[in-house]
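Encoded as structure tokens, the structure appears first; notes follow it.
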Amino acid sequence: MRNHQHIDVMPRNYRKTGELFFNKLNITPLLDSRGAVIYYLGVQYDVTELVGAQAEIDRLGQRLKALEKA
């Protein structure tokens with residue numbers, strides 16, 4: 001943000017219950033007609049299921065490689 005550039009991150013968060021969840025956070029500077037930053041637009045998405053699915057794909061891929069070597 002210091003450089004007034006778009007950023008896209010995926011922080012780990014915890015609900016009040018202590019349950020882990022993941023967000024995809026997208027922050028984009030909004031510029032006026034002269035190119036000066038006037039606002040930052042932030043949008044976040046809950047990507048917990050996506051992160052879990054990718055972890056399962058990775059786990060199954062490792063298992064498949066182990067079976068191929070056996």
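Values as computed for the structure displayed
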| quantity | calculated |
| --- | --- |
| Acute angle (nearest 10 degrees) that the helix 48-69 long axis makes with the longest principal axis of the chain, alpha-carbon atoms | 40 degrees |
| The chain - charge dipole about Cα centre, Lys and Arg +1 at Cβ, Asp and Glu -1, debye rounded to 20 | 220 debye |
| Excluding exposed DSSP-loop trypsin sites (Lys or Arg not before Pro) (at most 11 other C-beta within 10 Å), longest clean stretch of the chain | 35-70 |
| Selection of GluC sites (Glu not before Pro), segment 12-70, meeting DSSP coil and at most 16 other Cβ within 10 Å | E19 |
| Cross-link partners of K24 among lysines (Cα-Cα below 29 Å; sequence separation of 8 or more within a chain) | K16 |
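Each value in this text was obtained by applying a stated rule to the coordinates, not by laboratory testing. Please read these numbers as outputs of a predicted model, since none were measured by experiment. Positions of Cβ are generated from backbone atoms using ideal geometry, with glycine treated the same way; all protein chains shown enter the neighbour counts.
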